[in-house]
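Comments concern the structure below.
The values are calculated or read from the model by the stated rules, or taken from the named source; none is laboratory data. Keep in mind the model is a prediction, meaning the values are calculated, not measured. For neighbour counting, all protein chains shown are included, and Cβ atoms are generated from backbone atoms with ideal geometry for every residue, glycine included.
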Amino acid sequence: MKNKIKIERAIKDLTQEELAKIIGVSRQTINSIEKNRFVPSTVLALKISKLFEKSVNELFELDQFD
Amino acid sequence: MEFRIILSLVFIGITGLLIYKTRIKTNTSIPGTELRINLLPYYYKKIGLITTVLSLVFLFILNFTDPYNLKDFTLLGISLGLSVICLSKERIEDEMIIALRMNTFFKSFYFSLFGVIIYALLNKLVGGQLSDFSIDFPLSIMSIVYLSAFHQQKKLLANS
């Protein structure tokens with residue numbers, strides 16, 4: 001699964017730490033989501049999509065391995 | 001002799017308190033963790049660490065002089081202290097830490113299960129008895145494997 005959180009975060013000019021604080025997780029979690037090491041739950045994905053004002057489908061998309 | 005009975009009762013009390021505090025609770029607010037252990041607060045990590053270190057110090061002292069035969073209690077203290085460290089929360093609890101914990105709990109159960117069996121059979125091979133093992137051995141092995149696996153995984157995620 002690919003995601004565009006890093007790009008969206010750059011557009012909003014947020015650091016990993018700030019984003020983590022807003023959605024209530026640790027910085028490591030944001031880091032590992034960006035590096036595709038951890039797949040967030042639907043609840044967390046919806047929280048991120050609400051913050052960036054984009055739909056979940058725009059932020060996360062399937063790749064050929066899924 | 002009375003001292004041993006009192007100490008046994010103290011350990012039973014501590015264990016009972018642990019079982020009560022870490023009972024399984026049903027919680028549907030965090031996805032994927034509908035049935036989970038009610039973990040101890042973060043500061044219990046320090047209590048567990050102090051208990052373990054104190055037990056190690058007492059074990060060292062009792063190696064030289066042990067008039068009341070209390071050495072086995074220090075071994076139990078080490079495994080209880082390590083269990084408390086394992087069963088306490090991290091500073092920030094989020095869904096990734098919970099997923100990591102589930103993973104490493106399973107991993108440590110698996111490795112310590114076979115580790116203890118292999119160790120017991122090797123001990124039998126060199127002339128020991130299967131009944132040589134007390135409860136503190138598998139407990140400590142499981143806790144140590146869990147703690148090292150958990151912290152290794154956490155470090156890996158933090159440094160990536």
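Take A:Val56 and decide whether it is over 9 Å from the mean Cα position of the chain (by Cα), among the hydrophobic types (A, V, I, L, M, F, W, C) and within 14 Å of chain B (Cβ to nearest Cβ).
Against the criterion (over 9 Å from the mean Cα position of the chain (by Cα), among the hydrophobic types (A, V, I, L, M, F, W, C) and within 14 Å of chain B (Cβ to nearest Cβ)), A:Val56 does not qualify.
Taking B:Val10 as the residue in question, decide whether it is of a type in the set (Val, Ile, Thr) and free of Cβ contacts under 8 Å to residues at least 12 places away in the same chain.
So B:Val10 fits the description; yes.
Among the residues of segment A:40-66, which ones are in contact with a helix residue (DSSP H, G or I) (Cβ under 7 Å, 6 or more places away or on another chain) and β-branched (Val, Ile, Thr)?
A:Ile48, A:Val56
Go through (1) away from chain B (no Cβ under 14 Å); (2) crowded, with 17+ Cβ neighbours inside 10 Å for A:Pro40 and report which single condition fails.
Going through the list (1) away from chain B (no Cβ under 14 Å); (2) crowded, with 17+ Cβ neighbours inside 10 Å, A:Pro40 breaks only (1).
Of the numbered conditions (1) assigned to a helix (DSSP H, G or I); (2) surrounded by 13 or more Cβ atoms within 10 Å (Cβ to Cβ); (3) at pLDDT below 85, B:Lys155 satisfies every one except a single condition; which is it?
Only one criterion in (1) assigned to a helix (DSSP H, G or I); (2) surrounded by 13 or more Cβ atoms within 10 Å (Cβ to Cβ); (3) at pLDDT below 85 is unmet by B:Lys155, namely (2).
Residues in segment A:1-10: is at least one free of Cβ contacts under 8 Å to residues at least 40 places away in the same chain and part of a loop (DSSP other than H, G, I, E, B)?
No, there is no match, as no residue in segment A:1-10 is free of Cβ contacts under 8 Å to residues at least 40 places away in the same chain and part of a loop (DSSP other than H, G, I, E, B).
Taking segment B:129-160 as the region of interest, how many residues are within 14 Å of chain A (Cβ to nearest Cβ) and either touching a residue at least 40 places away in the same chain (Cβ under 8 Å) or not basic (Lys, Arg) (or both)?
So the answer is 10.
Sort through B:Ser131, B:Ser148 and tell me the only one that's farther than 30 Å from A:Thr29 by Cα, of a type in the set (Ser, Thr, Tyr) and either modelled with pLDDT of 85 or more or surrounded by fewer than 16 Cβ atoms within 10 Å (Cβ to Cβ) (or both).
Just a single option satisfies the conditions, and that option is B:Ser131.
I need a count of the residues in segment B:71-86 that are hydrophobic (A, V, I, L, M, F, W, C) and more than 11 Å from B:Leu59 (Cα to Cα).
Of the residues in that region, 5 qualify.
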